[in-house]
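Worksheet: the structure to be examined is printed underneath.
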Amino acid sequence: MTEAARHIDAASEAQLLDAVDRWVTREVAPIARAHDIDDIWPESLVTGMAELGLFGATIGTQWGGLGLPAATYVKIVARICQDWMSPTGIFNSHLMLAHCIERFGTADQRAEWLPRLASGAIRGGLALTEPDAGTDLQGIRTVARRDGDHYVLNGAKTWITNAVHGEVFALLAKTDPAAEPRHSGMGLFIVDKSCPGFVTGAKLPKMGYRAIDTGQIFLEDCRVPADRLIGGVEGQGFYQATGGLELGRINVAARGVGMAEGALARATAYAQQRRTMGKPIAEHQAIQLKLGEMVTRARAARLLTLDAADAYDRGARCDMEAGCAKYFASEAARDNAEEAMRIFGGNGFSQDYEIERFYRDAMLLIIGEGTNEMQRLIIARQWVKRHPL
Ligand SMILES: Cc1cc2nc3c(=O)[nH]c(=O)nc-3n(C[C@H](O)[C@H](O)[C@H](O)COP(=O)(O)OP(=O)(O)OC[C@H]3O[C@@H](n4cnc5c(N)ncnc54)[C@H](O)[C@@H]3O)c2cc1C
């Protein structure tokens, strides 16, 4: 991606954010509750996402994408999550796939896949996690064996976002299961559903992040053309898969920002309407203390996330910044959702209000894209490295 493609002027950014805001208000917010409760994939939102250019938001303009800087992208994601987090999964995971191809793919792979991904003509995701390996990605068991001009893949992936409604995935496999160190024997493949032996499992039932399809993928002697190995060289897969995680973490942080702000906005309105002991509960000190903490958390989450996005856009090393943003903003989302629930009293527990959805959805942010336990380890290691004796 060129430097020029990473810039957007203030007026164009404001125009884009305004269009996203109007779309969220008109199309997303009204369907959130019913789609979440009934766990229905929000098909009606896909056309609007494509029209807004969201499927190509961070893909370079030369491929038909918007080429947005991360700083603008996080504002879009946060705005959507102020009302409903789930729909962002349709284009977030898709853009992680595109990111791997754009950053590490060969010229032919970029030309073949990026224009169609940018337009949303095909959609997909990132398939790393397996039943026995999530945090420990080097422990995956899916194997890719070379057979002439194809690789033959066998294994299983789980918890894959867009597994049911997506068509193509950046899928991590071992090309040399005996390699030491383990990461040196891995490859990242572009695998689509037309590959013989690709089997899509069922949509997994979830406590939150509902409506979006998170599912399993089975590879049963799945034949993948050899030119689908990203970058064309074996042994780079682990590096390529984790190379996109900084952007992924900034993206999760942006979701946390939106949710922390969304919970705060709802609690703020409710606290001024609900009256006890002859006055709005917003005038009780116990509620004010909560709101004060919630405002601070939401603002700090936004600032940390923009700081990480800024470092990313400058091309600076930002694993620590992305980790801090992901960790803090996801915990802020969960804490603000919980405090909002308390402010809503019994109504916070009701599906007639949206707070319980914020509470359920926020937990995903704490687990996904590297658990918050791991984030703190990454932050600490990088901090010490940057401050040697
Ligand atoms: C809704 C949802 C959507 C998802 N979407 C995708 C997707 O699109 N693609 C994809 O590839 N994956 C996806 N995931 C998987 C997700 O990335 C993993 O669940 C996550 O990385 C954690 O892995 P795990 O579940 O195997 O937990 P484990 O790795 O088994 O971890 C269990 C616990 O042990 C802790 N732990 C593990 N190792 C260490 C260590 N070395 N030091 C300290 N603590 C440790 C963890 O922090 C955690 O608390 C999704 C998950 C969910 C829930």
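The values are calculated or read from the model by the stated rules, or taken from the named source; none is laboratory data. Quick caveat: nothing in here was measured; it's all calculated off a predicted structure. Cβ coordinates were reconstructed from backbone atoms using ideal geometry, including for glycine residues, and neighbour counts include every protein chain displayed.
Residues checked against (1) more than 30 Å from Y353 (Cβ to Cβ); (2) of a type outside the set (D, E, K, R):
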| site | (1), (2) |
| --- | --- |
| S12 | yes, yes |
| V24 | no, yes |
| V28 | no, yes |
| R33 | no, no |
| G48 | no, yes |
| W63 | yes, yes |
| T72 | yes, yes |
| Q82 | no, yes |
### Task
For segment 1-97, please list each of the helices (runs of 4 or more DSSP H) lying entirely inside it that holds at least 3 residues being farther than 22 Å from A253 by Cα.
10-23, 29-38, 44-52
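For residues in segment 120-147 being without any contact (Cβ under 8 Å) to a residue 40 or more places away in the chain and away from the ligand (no atom under 12 Å from the Cβ), which is nearest to M96 (Cα to Cα)? Break it down into steps so the answer makes sense when it comes.
Applying the first criterion (without any contact (Cβ under 8 Å) to a residue 40 or more places away in the chain) to segment 120-147 yields 121, 129-134, 136, 141, 143, 145.
Pick out the ones that are also away from the ligand (no atom under 12 Å from the Cβ) and you get 121, 141, 143, 145.
Details: A121: 16, R141: 22, V143: 22, R145: 25 Å.
Among residues in segment 120-147 that are without any contact (Cβ under 8 Å) to a residue 40 or more places away in the chain and away from the ligand (no atom under 12 Å from the Cβ), the one nearest to M96 (Cα to Cα) is A121.
Can you tell me which residue within segment 365-389, out of those that are β-branched (V, I, T) and in a helix (DSSP H, G or I), is nearest to the ligand (Cβ to nearest atom)? Can you show your working first?
Step one: filter segment 365-389 for residues β-branched (V, I, T), giving 366-367, 371, 378-379, 384.
In the following step, the residues that additionally are in a helix (DSSP H, G or I) were identified as 366-367, 378-379, 384.
Details: I366: 9, I367: 5, I378: 10, I379: 13, V384: 16 Å.
Among those residues, the one meeting the criterion is I367.
Looking at A362, A325, which is the one that is away from the ligand (no atom under 16 Å from the Cβ), among the small types (G, A, S) and in contact with a Gly (Cβ under 9 Å, 6 or more places away or on another chain)? Walk me through it before giving the result.
Working: A362 fails: away from the ligand (no atom under 16 Å from the Cβ).
Testing whether each residue is away from the ligand (no atom under 16 Å from the Cβ), among the small types (G, A, S) and in contact with a Gly (Cβ under 9 Å, 6 or more places away or on another chain) leaves just A325.
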### Query
Is there a residue in segment 296-316 that is assigned to a helix (DSSP H, G or I), within 14 Å of the ligand (Cβ to nearest atom) and either modelled with pLDDT under 95 or of a type in the set (F, W, Y) (or both)?
no
### Query
Any residue in segment 258-270 that is among the acidic types (D, E) and surrounded by 21 or more Cβ atoms within 10 Å (Cβ to Cβ)?
yes
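Name the one entry in A78, A10, A57 that is outside the structural domain of A260 (by TED's automatic domain parsing) and either surrounded by fewer than 23 Cβ atoms within 10 Å (Cβ to Cβ) or modelled with pLDDT under 95 (or both).
Details: A78 fails: either surrounded by fewer than 23 Cβ atoms within 10 Å (Cβ to Cβ) or modelled with pLDDT under 95 (or both); A57 fails: either surrounded by fewer than 23 Cβ atoms within 10 Å (Cβ to Cβ) or modelled with pLDDT under 95 (or both).
Of the residues listed, the single one that is outside the structural domain of A260 (by TED's automatic domain parsing) and either surrounded by fewer than 23 Cβ atoms within 10 Å (Cβ to Cβ) or modelled with pLDDT under 95 (or both) is A10.
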### Query
Among (1) within 16 Å of the ligand (Cβ to nearest atom); (2) touching a Leu at 6+ places or on another chain (Cβ under 8 Å), which single condition is N154 missing?
(1)
### Message
Given the criterion of a type in the set (G, A, S), at pLDDT below 95 and at positive phi, identify the matching residue among G370, G345.
### Response
G370
### Task
Take A322 and decide whether it is closer than 21 Å to R376 by Cα, among the hydrophobic types (A, V, I, L, M, F, W, C), modelled with pLDDT of 95 or more and in the same structural domain as I366 (by TED's automatic domain parsing).
yes
